[in-house]
Structures are given as structure tokens and as C-alpha cells.
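Data first, discussion second: the structure below is written as C-alpha cells.
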Amino acid sequence: MVQLSRICFRKYGNLMDNLRLYVRGGSGGMGLPRLGGQGGSGGDVWVVATKNTTLKRIKDKYPQKRFVGGAGANSSIRALKGQRGKDKEILAPVGIAVTTDDGKIIGDLNTEGERLMVAKGGSGGTQYSAFEPSRGQAKHIRLDLKLIADLGLVGFPNAGKSSLLTALSNATPQIASYAFTTLRPEIGKVMYKDYKQISVADLPGLIEGAHINKGMGHKFLKHVERTKQLLFVVDVSGFQLASKTPFRSAFEAVQLLTKELELYKEELVSKPALLVVNKMDLPDAEDKLAELKEQLQNPDEFSDLLPDDMIPKNYMTFRHVLPVSAATGFGIEHLKSCIRQSLNEDEEMETKVIRQERLQALRSHLH
Ligand SMILES: Nc1nc2c(ncn2[C@@H]2O[C@H](COP(=O)(O)OP(=O)(O)OP(=O)(O)O)[C@@H](O)[C@H]2O)c(=O)[nH]1
Ligand SMILES: [Mg+2]
């Protein structure tokens with residue numbers, strides 16, 4: 001039996017699937033009692049769905065995570081009706097839910113250009129408010145990337161993703177020995193003895209060049225973003241798409257898959273991931289597994305087998321490397337428990353981060 005390995009890199013991926021922000025509408029402008037002038041209203045804060053952005057990019061660009069609408073102008077002799085404050089737009093990725101701090105849905109953004117007001121600006125002062133303006137709405141909101149599953153299976157065609165999903169879950173995906181049998185992501189549920197369920201998406205076959213939209217290309221890659229963690233699946237004996245394309249060892253397959261993710265969106269490479277080495281029932285599998293593990297320990301030494309432009313900038317770190325056979329069931333139970341452990345780890349981490357953020361917010365209110 002293979003000594004089940006655990007590569008002990010623990011890392012909380014910096015691909016974010018939620019983000020907490022402070023939003024405040026702009027304050028209204030003062031009215032002008034002497035002449036009955038009306039202050040401008042404060043600008044509103046909007047979340048606008050935009051292509052090609054991520055929650056992480058919002059955070060990097062606005063580390064304070066504060067979005068405040070422009071103030072309305074005071075009414076003056078020259079401009080009795082004060083000018084309206086500027087609206088503030090938060091450019092967010094498509095496919096998010098916007099919620100209040102305690103998780104109530106404010107709205108969803110599902111198509112490019114869709115917009116949602118999250119904080120209204122205050123009204124300008126008028127005769128009805130004794131010319132006193134009001135403040136804009138202020139609150140914390142959360143942007144949550146809508147996920148399709150807890151785990152996404154990432155692998156080249158024929159690696160055994162569909163078979164693995166069947167072995168793991170109660171799904172019965174279409175299985176065949178030719179490439180691209182999976183067209184849409186199929187979601188299976190992994191059940192545990194205590195009734196806990198974890199969802200796994202079998203994503204359509206990824207091939208070299210997917211980032212330039214070869215094969216299922218972007219259709220596939222956009223799903224990768226929408227899972228909490230990744231399960232790389234490789235055939236222990238390697239992979240060859242067609243007789244005219246080069247043969248790739250399991251190690252090369254791992255690096256090529258990584259590169260495809262990187263070229264599509266670099267952050268994907270920092271997602272928490274596990275590596276499944278499938279087809280361990282085949283002859284020589286043990287030797288090939290040992291070789292793969294050695295290569296994964298020193299990827300730089302072994303990457304010269306790949307074309308230069310296919311060497312990833314950063315190697316994927318796998319929390320576990322798990323030899324299995326989807327065909328015989330070998331290693332499947334252990335894989336199930338590693339999956340659960342890995343998801344738990346991140347959940348705990350996330351709860352901690354949320355608590356810290358709340359605490360910080362409370363403290364800053366007190367000061
Ligand atoms: N010997 C062996 N064969 C396997 C194992 N797992 C899958 N296979 C075979 O490998 C072939 C491909 O398996 P699939 O599960 O369809 O692979 P896939 O990754 O879903 O492929 P695509 O959907 O085309 O991307 C099938 O002929 C399976 O029977 C395994 O553990 N051992
Ligand atoms: Mg399949």
C-alpha cells in the first residue's frame with residue numbers, strides 16, 4: 001500500500017469570495033433660509049457589475065474599503081439650488097450577492113452593467129427641514145461571490161474526473177473513454193456519516209490553451225472561480241490529448257493546469273487545492289507516484305521539460321497529495337476526509353477574520 005502523503009503547506013488562499021465594505025451616502029448641502037434656497041442632495045453609493053474584476057482587486061485598490069458619496073453643495077446666492085453630490089460607484093465582478101452585514105440580501109448582480117444602490121445620499125436642506133441637510137445612509141455591506149460548489153474538479157480530459165465524482169458522491173455523470181464527455185458542470189454531493197454534505201462540481205475538460213479559449217476554454221475557467229477550493233485530478237500515468245499532441249507526465253499535467261489557471265486569472269493559483277493522483281490500479285503506478293512526489297518537492301528542477309511559456313510563475317501548493325483509484329475505490333474514503341478537513345480549515349479561518357473585522361469596527365466606533 002502506498003504511504004499516504006501529506007504535504008504540509010497550509011495556506012489561506014488570497015482568492016477572495018467575499019468582501020466587507022463600509023458605504024455611506026454623501027451628506028446633503030445646507031439650505032439658504034434667507035432666500036428659500038435648497039441644498040443639493042448627497043451622492044448615492046452604487047455597486048455596479050463589471051467584467052474582468054475580482055473582489056481582491058477592489059480590496060487592493062481600496063485598502064480602507066470605504067466608499068462615500070460626494071456631498072451636496074450648499075445653497076448660495078449664486079446657486080440657490082445647490083448641486084447634487086457625485087455618486088460613488090463600486091466596480092464589482094458579475095455574479096455576486098450584496099448583503100447587509102448580518103447576511104440579509106440587498107440584491108444580486110448577475111449581468112454586466114447591472115447596478116444596485118447600497119447607500120442613499122442625504123437630502124439637502126429645504127424649508128421643510130428648517131434648511132438643515134441630512135446625512136447619507138451609512139452601513140457595512142458584504143459582496144459575496146456566488147459559488148456553484150464547495151469544490152471544483154480541475155483536470156485534463158480522461159483524468160477520471162467524472163469517475164471520481166461518481167466514486168465520491170451519489171451523482172451518476174456520463175463516463176466515456178473519449179475526451180470532453182462533460183459539457184456542463186455536473187454537481188455531485190459528497191455525503192458524510194453525520195449527514196454533512198459537500199458539493200463538488202465536475203468542470204468541463206480543460207486543455208492546453210484554454211486561457212485563449214481553446215476547447216471549452218473560458219466557459220470552463222469561469223466556473224473555477226466559483227468554487228471554494230480546487231481538486232486537481234491527474235492520471236498517474238500522464239496524459240495525451242491526441243496522437244499529434246505531446247505526451248504529458250502527471251507532473252507536467254499539474255504544471256500545465258496551473259499555467260492555464262494563471263493565464264486566465266493569476267489569483268486562481270492561490271486557491272486552496274488538493275491533488276488527486278488517479279488510476280493507482282494501473283501497472284507501475286507506485287513508481288510513477290513516487291516520481292511525481294519527488295518532482296513536486298522540487299518543481300524548479302523538473303520544469304525544464306516544459307516549454308518556457310508553460311512554466312507557471314508560482315507553483316500550486318497542495319494541502320494533500322492523494323493517490324486514489326476511482327475504479328476500485330482505493331483511497332476514496334481518505335480523500336473524503338481530507339476534503340472535509342480542508343474546507344473546515346478555511347471556514348474557521350473565515351469566521352476568525354469576520355470576527356476580527358467586527359471587533360475592529362466596534363473599537364473604531366468607541367474612539
Ligand atoms: N484504470 C482506471 N481507469 C479509470 C479510473 N478512473 C477513470 N478511469 C477511466 O478513464 C477514462 C476517463 O474517465 P472519465 O471519468 O470519463 O474522465 P474525465 O476526466 O471525466 O474526462 P472528460 O470528461 O473527458 O474530461 C474512462 O475510460 C474511465 O473508465 C481509474 O481509477 N482506473
Ligand atoms: Mg468527464
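The values are calculated or read from the model by the stated rules, or taken from the named source; none is laboratory data. Keep in mind the model is a prediction, meaning the values are calculated, not measured. A quick note on method: Cβ atoms are made from the backbone with ideal geometry, for glycine too, and the neighbour counts reach across all protein chains shown.
Listing for the model above:
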item	result
All positions within the range 151-166 that are more than 8 Å from ligand 1 (Cβ to nearest atom) and within 17 Å of E208 (Cα to Cα)	V154
Residue within the range 169-178 that is over 30 Å from G28 (Cβ atoms), modelled with pLDDT of 85 or more and touching a Gly at 6+ places or on another chain (Cβ under 8 Å) present	yes
Residue match in the range 342-358 (condition: outside any helix (DSSP H, G or I) and surrounded by fewer than 16 Cβ atoms within 10 Å (Cβ to Cβ))	no
Residue count for the range 231-259, restricted to those that are modelled with pLDDT under 95 and within 16 Å of ligand 2 (Cβ to nearest atom)	4
Test: K259 is basic (K, R), free of Cβ contacts under 8 Å to residues at least 60 places away in the same chain and assigned to a helix (DSSP H, G or I)	yes
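Residue by residue, here is whether (1) free of Cβ contacts under 8 Å to residues at least 12 places away in the same chain; (2) touching a Cys at 6+ places or on another chain (Cβ under 8 Å); (3) among the small types (G, A, S) holds:
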| site | (1), (2), (3) |
| --- | --- |
| V277 | no, no, no |
| N298 | yes, no, no |
| M316 | no, no, no |
| A326 | no, no, yes |
| S342 | no, no, yes |
